Each structure stands twice: as structure tokens, then as C-alpha cells.
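*Asks:* Handing you this structure, nothing more for now.
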Amino acid sequence: MLDCAGRPLRLDGPVVMGVLNVTPDSFSDGGRHAGEAAALAHARAMVASGAGIIDVGGESTRPGADPVPLQQELDRVIPVLERLRAELDVVLSIDTSKPAVMQAALDAGAGMINDVNGLRAPGAVEVVASGTAAVCVMHMQGQPRSMQERPHYADVVAEVADFLTRQAEGLVSRGVARERIALDPGFGFGKTLEHNLALFRSLPGLAALGYPLLVGVSRKSMIGTLLGGRPVSERLAGSVAAAVVAARAGARILRVHDVRETMDALTIQRALEPQQ
Ligand code: YH5
């Protein structure tokens, strides 16, 4: 169970988190309102397809991306969260690293904070500790703008596990219930393909740290590279396969762009796999 602001999210089977990017490059063809309407329609479709969480993000964290100013990020995500809360019965997650965005999102009804920066910004832990929402602590080496330039680890699995454990224990020591915390190794965030593969193969060990694991590999370059250099538009089957393998390895929350296809694959896996 993950406690999302008093709402228990059952994790006895994998839960799909649908990605809702509200950056101008995502839903912007006809201006602000058209963009907002398109984002809402996409969220509704993901919930209808079985998403248990919608992850709203207004800051591009792709490799090479520049930081987004605070007010711009607030203007993008808060109206969308308010509309989604009014309309949809689903856990809303805010994908941000800025404490001020976290706080505004909590006030707008978010049930989860998803921070790719692992709550390292000054004040981030305090915002989480003062509320009741769930939190996903993700590992990243470096900053989005430059993280893929020269990722380096002596032992990537040990270093990621150590970071995640420290951050989780810091939260617990500040009064955050263990039931509110999820961890994520952060695929593609300051990692080479070899680093990503080592982490993926260690998912059962990371799951044993004692917190639910969130995995996000959907459409990432790791999938494209393993498929011989596929463009983003041709990574669907590879992404779905990776989500199923992650679920089998113990991931409890799967962050994906293609909710319907991922749900279908998980349904078939569940039906066909010998039950323990
Ligand atoms: C994640 O793994 N990822 S944003 C580059 C791509 C495709 C997708 C085409 N937020 C995660 O999805 N939050 C993001 O190349 C996340 N875990 C958590 N918790 C990056 C992304 C993407 C980047």
C-alpha cells in the first residue's frame, strides 16, 4: 500500500502511472486553452485505460533540457491539476523538483510528489514532511542539461541503492511514514546503457530495500539503443516488454506513456504466468 494523502493505493499488483506532459511541445498547437483541453482529454483516456496514477509534469527533464522558470512551471501544471482533481477519481502526481511547485500542487490536490532530483533542493524534504502525500524519490547523477555527457560510477547499483536508502531514511527521521515513500533508480538520468542494464537486472535487490519501486523506461533511449537505434516513435513494443519485465522483477509502479498497451500486456502476463 502507498498512502497518497490519505488515499491508499493498493500495490499488491503493478500499478500503471500515465505520463501527462504539460510542456508546450506536448499539447500546444492551438495555444494555452487548447493545450489544456488536450492534456485533460489525454488524462481521461489514460484513466479509462486503467492508469492508477497520472503524473503531471511541466518541466522537461529530457537530456539536454534547460531549466524552466518557477512561474512558468506553476502556470502549466496547477490549472491542469485543479481540473483533473475536479473530474477524475485517480491519484494525481506532480513531477517536479521545485519545492514551491510541490507545495502548490499539494494545495491543488496532488496525492504524490515525484521528484527526479530526489528531494535534494533546499526545502523539498520540508514540503514533503509537512504534508501527507506520497513521495517518489528518484536517483539522478548530475543535472538534466549535462547528465548524459560522462556518467561515471564505481558501482552503479551500490551507489544508487545507497542514495535512495539515505534519502528515504532522512524522510522517515523527519516523520514521513514509510507507507508514503516509493523509490526509483532513475533510468536514463546520468546513466549509460550499461549502467541502466545493471540497475534493471538488480531490480529484485532494490525492491528488497523495503519500499515500493517505481520504474520509468517508457520510450527512453535505453529502449531505442537495445533495438539498434530506433527513433522515439518506434519504441512502443520495446517499452511494453520492459514494463512487463520490470513488473516481474518486483517493480510496483510503472511510469509509462502508453497506458492501454501496457495494461493489456500486464493483463496477459497475469493470466498466463503460473501464480505463486
Ligand atoms: C522516471 O524514470 N522520467 S521524465 C527521455 C525520453 C523519453 C522519456 C525519448 N520522470 C522518470 O520520461 N519520474 C521522467 O527519450 C520520471 N522516474 C520518475 N519517477 C523523462 C522521460 C523520458 C526522457
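The values are calculated or read from the model by the stated rules, or taken from the named source; none is laboratory data. Treat the numbers as computed from the prediction; the structure is a model and nothing was measured. Here the Cβ is made from the backbone with ideal geometry for all residues, glycine too, and neighbour counts use every protein chain on show. These accessible areas exclude ligands, DNA and RNA; they are computed on the full protein's heavy atoms, side chains included. Shrake-Rupley method; radii C 1.70, N 1.55, O 1.52, S 1.80 Å.
*Asks:* With a 1.4 Å probe and all protein chains kept in place, how do 159, 234 rank by accessible area, largest first?
*Replies:* 234, 159
*Asks:* Here's another thing I want to ask about it. Once you have a ≥ b ≥ c as the square roots of the Cα gyration tensor eigenvalues for the range 170-254, tell me rounded if a/c is under 1.5, and otherwise prolate or oblate according to whether a/b is larger than b/c.
*Replies:* Taking the square roots of the gyration eigenvalues as a ≥ b ≥ c, the range 170-254 is prolate.
*Asks:* Please report, as a whole percent, how much of the solvent-accessible surface of the range 25-126 comes from carbon and sulfur atoms (probe radius 1.4 Å).
*Replies:* Details: 2250 of 4260 Å².
Here carbon and sulfur together make up 53 percent of the probe-accessible area.
*Asks:* Work out the length of the dipole vector of the chain about its Cα centre, built from +1 on the beta-carbon of each Lys and Arg and -1 on the beta-carbon of each Asp and Glu, and round it to the nearest 20 debye.
*Replies:* 320 debye
*Asks:* Another question, if that's okay. Give the long-range amide H neighbours of residue 132: residues separated by 5 or more places, or on another chain, with amide H under 5 Å away, using H modelled in the peptide plane at 1.01 Å from N.
*Replies:* Hits under the 5 Å cutoff: none.
*Asks:* Residue 268 accessible area, nearest 10 Å², 1.4 Å probe?
*Replies:* 100 Å²
*Asks:* Note down the relative contact order for the range 136-255 as a percent, whole number, built from C-alpha pairs under 8 angstrom at least six residues apart.
*Replies:* 27 percent
*Asks:* Here's a follow-up. Considering only DSSP beta bridges whose two residues both sit in the range 1-135, what percent are antiparallel, to the nearest 5?
*Replies:* Details: 3 of 18 bridges.
Restricted to the range 1-135, the bridges split so that about 15 percent are antiparallel.
*Asks:* By the scheme Lys and Arg +1, Asp and Glu -1, what is the net charge of all other residues having a beta-carbon under 9 Å from that of residue 114?
*Replies:* -3
*Asks:* Could you check which residue among 198, 242, 51 shows the biggest mean-square fluctuation in a GNM of the chain with a 10 Å Cα cutoff?
*Replies:* Maximum fluctuation in the GNM of the chain, among the listed residues, is at 198.
*Asks:* Further question: Where only protein heavy atoms count, and the probe is 1.4 Å, what is the accessible area per residue for the chain in Å²?
*Replies:* Accessible surface, normalised per residue, equals 45 Å².
*Asks:* Report, for the chain, the % of DSSP beta bridges that are antiparallel, rounded to 5.
*Replies:* On the way: 3 of 31 bridges.
Antiparallel bridges: around 10 percent, rounded to the nearest 5.
*Asks:* May I ask you to rank 139, 257 by accessible area, largest first, using a 1.4 Å probe over the protein chains only?
*Replies:* Numbers: 139 15, 257 35 Å².
Sorted descending by solvent-accessible area, the residues read 257, 139.
*Asks:* Okay, moving on. Could you pull out the trypsin sites (Lys or Arg not before Pro) across the range 175-229 that fall in loop regions by DSSP (anything but H, G, I, E, B) with no more than 14 other Cβ atoms inside 10 Å? Mind showing how you got there, number by number?
*Replies:* Working: sites: 178, 180, 191, 201, 219, 220; in loops: 191, 219, 220.
Hits after loop and neighbour filter: nothing returned.
*Asks:* Given H placed on each backbone N at 1.01 Å, which residues far from residue 94 in sequence or on other chains put an amide H within less than 5 Å of it?
*Replies:* It is 56, 112, 113, 114, by chain and number.
*Asks:* Calculate, in nm to one decimal, what residue 5 and residue 132 gain on full extension: separation in residues at 0.36 nm each, minus their alpha carbon distance.
*Replies:* Here the segment from residue 5 to residue 132 would lengthen by 45.3 nm.
*Asks:* Do you know the relative contact order of the chain, to the nearest whole percent, from alpha carbon pairs under 8 angstrom that are 6+ apart?
*Replies:* 19 percent
*Asks:* Along the range 225-233, what does the Karplus equation 6.51 cos²θ - 1.76 cosθ + 1.60 (θ = phi - 60°) give for ³J(HN,Hα), rounded to whole Hz, x for Gly and Pro?
*Replies:* So the Karplus estimates, Gly and Pro as x, are 5, 5, 9, x, x, 6, x, 3, 5 Hz.
*Asks:* Here's another thing I want to ask about it. Say R0 is 51 Å: what FRET efficiency, to the nearest 0.05, do residue 45 and residue 154 get from their beta-carbon distance?
*Replies:* Computed FRET efficiency for residue 45 and residue 154: 0.70.
*Asks:* Sticking with this one: Can you tell which of 246, 154, 133 shows the greatest fluctuation in a Gaussian network model of the chain with Cα springs below 10 Å?
*Replies:* It is 154.
*Asks:* Taking the alpha-carbon centroid of each part, what is the distance from the range 53-111 to the range 207-268 in angstrom?
*Replies:* Distance between centres, Cα-based: 22 Å.
*Asks:* Between residue 245 and residue 71, what FRET efficiency follows from the Cβ-Cβ distance if R0 is 51 Å, with the result rounded to 0.05?
*Replies:* Details: r = 40 Å, r/R0 = 0.79.
Working from the Cβ atoms, E equals 0.80.
*Asks:* Calculate, in nm to one decimal, what residue 264 and residue 166 gain on full extension: separation in residues at 0.36 nm each, minus their alpha carbon distance.
*Replies:* Full extension from residue 264 to residue 166 adds 31.7 nm.
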